[in-house]
Amino acid sequence: MSFFSRMFSNKGSKDDAKARLKLLLVHDQVDLTPAQMEAMKAEVIEVIGRYVEIDRDSIDFKLERSGGDVALVSNVPVRRVTARAV
Amino acid sequence: MSECIVITSGKGGVGKTTTSANLGVALALQGHRVAVVDADIGLRNLDVILGLENRIVYDLVHVIEGECRLKQALIRDKKVDTLYLLPAAQTRDKSAVSPEQMKDLINQMKEEFDYVLVDCPAGIEQGFRNSIAGADRALIVTTPEVSAIRDADRIIGLVEAAELPEPKLIINRFRQHMVDRGDMLDKDDILEILAIPLVGIIPDHEDVIISANRGKPVAFDEDSVVGEAYRRIARRINGEPDVPFIALESSGFWSNMKRWFGVSAAKGAV
Ligand SMILES: Nc1ncnc2c1ncn2[C@@H]1O[C@H](COP(=O)(O)OP(=O)(O)OP(=O)(O)O)[C@@H](O)[C@H]1O
Ligand SMILES: [Mg+2]
């Protein structure tokens, strides 16, 4: 990054470092491959989709760590609550 | 009551040896009887940082193998007479010592000293296992970088698995001016990620290199901000409550400007 572009951008490389670290540490700890994560996401979405209509394109599904604890954090936008058969 | 503290990091080159030497000096200057143990067998360095490399006759492996007594291998510091070094062997490797032998040695040393500081080698293999074997607690050294913090996290897990109490963190090579412009992880970012208590911050500073050149740890230097940082960590380690952190000032562009114009020279972080 040049001096001037840095002067005019308020986002330093530290935000990248922090985001990458958080992801890295979760995966060091949990030891799931990206393929396994994808498979889990697909299955979970499949189950939710049986109950409610969801916006499959804007689903947020990730492992997060705060302190020493890992949590699976997901945000699944619901379009419409359907009363579909279970 | 005496205590053995291991200084460890996972990643190499982040400042374990520098920290071991300086905390040894600082604790000794505060009147404690201190031994620093170089557990980096095959790659000894603590002797050089302390300026004691010409005095080595026996080493840690000689003591463990019964070739000499502990007292014969301990080297007294030139400047503070309550500080001793137990050097590592240079021509052997980590497998020359077992964790059980290390533990026995440390227990023997704790009878003579208030603090036994163990300078751990990089990695998570035998050298690490030997180093934590006799330890009562651990200090984790990291730098504000992704790879160092990742390894610190791994080591924290291993320290906890070894049933030592929660380790404390030292952040080394901190650069306030980079933090100010958003190009370095700040203390709070690192603490949020590693979730262990902080015991001190050491600025990235040329004093460390100068003191290593001379073989005289910067903790002896009354006027050095890095020396002051180490002396404060030593007080915290010794249980002194509420030792304040010195306000961090930038040593970047603006403070250089100030220096050029004779405004009080900027200092780094503690
Ligand atoms: N705060 C600092 N400011 C400037 N230089 C530093 C600082 N801390 C350490 N260094 C330099 O970094 C290098 C590595 O330091 P040191 O040998 O203490 O690390 P280490 O963790 O013991 O390494 P190893 O894993 O190889 O044992 C040295 O050249 C040292 O002078
Ligand atoms: Mg070292």
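What follows draws every value from the coordinates through simple rules; no lab data is involved. Here the structure is a predicted model, which is why all the values come from computation and not from measurement. Positions of Cβ are backbone-derived with ideal geometry, glycine not excepted, and every protein chain shown enters the neighbour counts.
Quick look at the values:
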read-out: Cα centroid of region A:26-63 to Cα centroid of region B:144-218, whole Å; value: 35 Å
read-out: Long-range HN-HN contacts of B:Arg92 with modeled amide H, under 5 Å; value: B:Gly42
read-out: HN-Hα J in Hz across region B:198-210 - Karplus 6.51, -1.76, 1.60, θ = phi - 60°, x for Gly and Pro; value: 8, 10, x, 10, 10, x, 6, 8, 5, 3, 5, 6, 4
read-out: Summed residue charge, Cβ within 11 Å of B:Phe113's Cβ, Lys/Arg positive, Asp/Glu negative; value: -2
read-out: Stretch gain in nm, segment B:Glu206-B:Met1, where the contour uses 0.36 nm per residue and the Cα spacing is subtracted; value: 70.2 nm
read-out: Helix-only mean residue ellipticity at 222 nm for chain B, each DSSP H run of n ≥ 4 adding -39500 (n - 2.57), per residue, nearest 500; value: -11000 deg cm²/dmol
read-out: Percentage of interatomic Cα-Cα distances in region B:3-245 larger than 32 Å; value: 14 percent
read-out: With Cα atoms, 0 to 90° folded angle of helix B:16-29 axis to chain B main axis; value: 90 degrees
read-out: Two-site label geometry, A:Ala19 and A:Ala42: point separation in nm, points 7 Å out along Cα→Cβ; value: 2.6 nm
read-out: Farthest toward positive dipole pole in the protein assembly as shown [+1 Lys/Arg, -1 Asp/Glu at C-beta], among B:Ile156, B:Ile106, A:Ser58; value: A:Ser58
read-out: Cα-Cα separations in region A:3-81 greater than 22 Å, expressed as whole percent; value: 44 percent
read-out: Selection of chymotrypsin sites (Phe, Trp or Tyr not before Pro), region B:101-158, meeting DSSP coil and at most 10 other Cβ within 10 Å; value: none
read-out: Linear extension gain, B:Glu67 paired with B:Asp188, 0.36 nm per residue minus alpha-carbon span; value: 38.7 nm
read-out: Largest to smallest principal axis extent of the C-alpha atoms in region B:162-212, angstrom; value: 37, 30, 14
read-out: Candidates per trypsin sites (Lys or Arg not before Pro) in region B:14-122, loop by DSSP, up to 15 other Cβ within 10 Å; value: B:Arg69, B:Lys78, B:Lys79
read-out: Label point distance in nm, B:Glu100-B:Leu164, each placed 7 Å from Cα along Cα→Cβ; value: 2.2 nm
read-out: Between 0 and 90°, nearest 10: helix B:99-110 axis offset from chain B longest Cα axis; value: 80 degrees
read-out: Nearest-20 debye value, region B:3-245 charge dipole, Cβ charges on Lys, Arg, Asp, Glu; value: 480 debye
read-out: Per-residue HN-Hα couplings for region B:213-229 [Karplus 6.51, -1.76, 1.60; θ = phi - 60°; Hz; x = Gly/Pro]; value: 4, 8, x, 9, x, 4, 5, 6, 7, 4, 8, 8, 5, 5, x, 5, 4
read-out: More than 20 Å apart - percent of Cα-Cα pairs taken over region B:177-250; value: 41 percent
read-out: Histogram of C-alpha separations across the protein assembly as shown, 10 Å bin width, %; value: 5, 22, 27, 20, 13, 7, 4, 1, 0
read-out: Under-5 Å amide H pairs with B:Gly51, H placed in peptide plane, nonlocal only; value: none
read-out: Loop GluC sites (Glu not before Pro), region B:41-78, which have at most 12 other Cβ atoms in a 10 Å radius of their Cβ (DSSP); value: B:Glu67
read-out: B:Lys78-B:Asn238 FRET efficiency (beta carbon distance; Förster radius 30 Å; 0.05 resolution); value: 0.80
read-out: In Å, descending, principal axis extents of the Cα set of region B:1-66; value: 31, 28, 24
read-out: Hz values of 3J(HN,Hα) by residue in region B:74-85 - Karplus curve (6.51, -1.76, 1.60), Gly and Pro given as x; value: 6, 10, 7, 5, 6, 9, 10, 7, 9, 10, 10, 10
read-out: Amide H contacts of A:Phe61 (H built 1.01 Å from N, under 5 Å, at least 5 apart or other chain); value: A:Asn75
